[in-house]
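The structure appears below as structure tokens.
The values are calculated or read from the model by the stated rules, or taken from the named source; none is laboratory data. Owing to the predicted nature of the structure, the values given are computational and were not obtained by experimental measurement. Reconstructed Cβ throughout: ideal geometry from the backbone, glycine too, with neighbour counts over all protein chains shown.
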Amino acid sequence: MTRADWRSWSPRGVDGAAASFALSVVAIAEPASQARARSLLWAASRLCDFALRCGLEPLPAVVLSGPVIERFVIVGTASLSKGARRTVRSNLLFLAKKALVLDPPPVPLGREPSQAPYSQAELRRYLHLADNQPTPERRSKASGLIALGAGAGLIGADLRLVTGADVHARSGGVVVEVRGLHPRVVPVRREMAERALRSAFVAGPSFIVGGAEPNRRNITSRLIASLSGGSEMDKLSLARLRATWVARCAIDIGLPTFMAAAGVRCSQRLGEVVELLDSGSEKEAVALLGGLL
């Protein structure tokens, strides 16, 4: 589309200042087609008309600023469909970038990769260390830590706050009632169920991994240090214990097969789908997540 085409554009529903603004910023963008130009002109003219009604000057640095664009998308396009509103925002951000109004985007921070799950052999070695701690109390705490980590995926506050009274044999297996930021009932996988019950029996109403105060910190440090295994084994990782539970449950429910069949590589939208579905009963969760005895 040529500049002459842009100058012949006649907007509807906006004043001359908004039309002039739209023509000037779209000229900078140099759209490759008439359809693209019309889309950009419509968005830019409506944005400028909105800015003028708010008492702002029709300058690119003002009208195409991030806050004005976001406010316009929220208020000025409420009658449009969600898809159309996303398109308008994308077009305006494109024009802002072309007009050099927006600041450079922030540099994305690196994301740590997911922890690798433990193999069966690695878990057996850590459990052997737990069973050979010097005192019965220490053996119970170490065994409970591994059972709740690799058997129920608990870490952080969820792990620290579990008492012996929170572990129950019911629904065909063993479950733990989590009382942290996200209260829930988690089935303990069958291979860790007996250990979880034994540690719960020893702990009674006290915390399974030790300590006396709910807000205590670094309570697992000494336990983990005693399970490091010297030079032959790495320091026990709670994140890897949780990854072990996640991986085994994912295999049980067929998640890798489903994601491969659906062509899904990221679970970002799966949460939106799951919110619309019934999570099932406790008994169903025990059977599905490998907790059925």
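When residues in the range 48-63 are screened for being under 14 Å from G76 (Cα atoms), without any contact (Cβ under 8 Å) to a residue 40 or more places away in the chain and under 36 Å from the mean Cα position of the chain (by Cα), 2 of them pass.
If I filter the range 130-148 for residues that are closer than 22 Å to A247 by Cβ, small (G, A, S), assigned to a loop (DSSP other than H, G, I, E, B) and more than 30 Å from the chain's Cα centre (by Cα), do I get at least one hit? Checked against the condition, which is being closer than 22 Å to A247 by Cβ, small (G, A, S), assigned to a loop (DSSP other than H, G, I, E, B) and more than 30 Å from the chain's Cα centre (by Cα), the range 130-148 yields no hits at all.
The single condition among (1) within 16 Å of the chain's Cα centre (by Cα); (2) at pLDDT 85 or above that D278 does not meet is (1). Name every residue in the range 66-75 that is modelled with pLDDT of 90 or more and either within 20 Å of D15 (Cα to Cα) or surrounded by 13 or more Cβ atoms within 10 Å (Cβ to Cβ) (or both), in order of residue number. V68, I69, E70, R71, F72, V73, V75 - these are the residues of the range 66-75 that are modelled with pLDDT of 90 or more and either within 20 Å of D15 (Cα to Cα) or surrounded by 13 or more Cβ atoms within 10 Å (Cβ to Cβ) (or both).
Checking each residue in the range 203-262 for being surrounded by 15 or more Cβ atoms within 10 Å (Cβ to Cβ), of a type outside the set (A, V, I, L, M) and modelled with pLDDT under 80 picks out T220, S226, G229.
Considering the conditions (1) in a helix (DSSP H, G or I); (2) touching a strand residue (DSSP E or B) at 6+ places or on another chain (Cβ under 9 Å), G290 is excluded by exactly one of them, (1). With the structure loaded, tell me whether V188 is touching a residue at least 60 places away in the same chain (Cβ under 8 Å), farther than 21 Å from E137 by Cα, hydrophobic (A, V, I, L, M, F, W, C) and in the same structural domain as L241 (by TED's automatic domain parsing) or whether it fails that test. Judged against the criteria, V188 is a match. Does R160 qualify as being of a type in the set (K, R), within 28 Å of the chain's Cα centre (by Cα) and surrounded by 15 or more Cβ atoms within 10 Å (Cβ to Cβ)? Considered against the rule, which asks whether it is of a type in the set (K, R), within 28 Å of the chain's Cα centre (by Cα) and surrounded by 15 or more Cβ atoms within 10 Å (Cβ to Cβ), R160 comes out as yes. Can you name the condition, by its number, that C48 falls short on among (1) within 19 Å of K97 (Cβ to Cβ); (2) at pLDDT below 90? It is condition (2) that C48 fails.
For the range 161-183, does any single residue satisfy the condition of being assigned by TED's automatic domain parsing to the domain that holds F201, among the basic types (K, R) and modelled with pLDDT of 95 or more? So far as the range 161-183 goes, yes, one or more of its residues are assigned by TED's automatic domain parsing to the domain that holds F201, among the basic types (K, R) and modelled with pLDDT of 95 or more. Please determine whether any residue of the range 160-177 is under 17 Å from Q133 (Cα atoms) and in contact (Cβ under 8 Å) with a residue 12 or more places away in the chain. No, the range 160-177 contains no residue that is under 17 Å from Q133 (Cα atoms) and in contact (Cβ under 8 Å) with a residue 12 or more places away in the chain. Pairing each residue of the range 28-45 that is aliphatic (A, V, I, L, M) with any residue that is in a loop (DSSP other than H, G, I, E, B), provided the two are 6+ apart or on different chains, yields C-beta distances under 6 Å for I28/A99; A37/M1; A37/P31; L40/P31; L41/W9.
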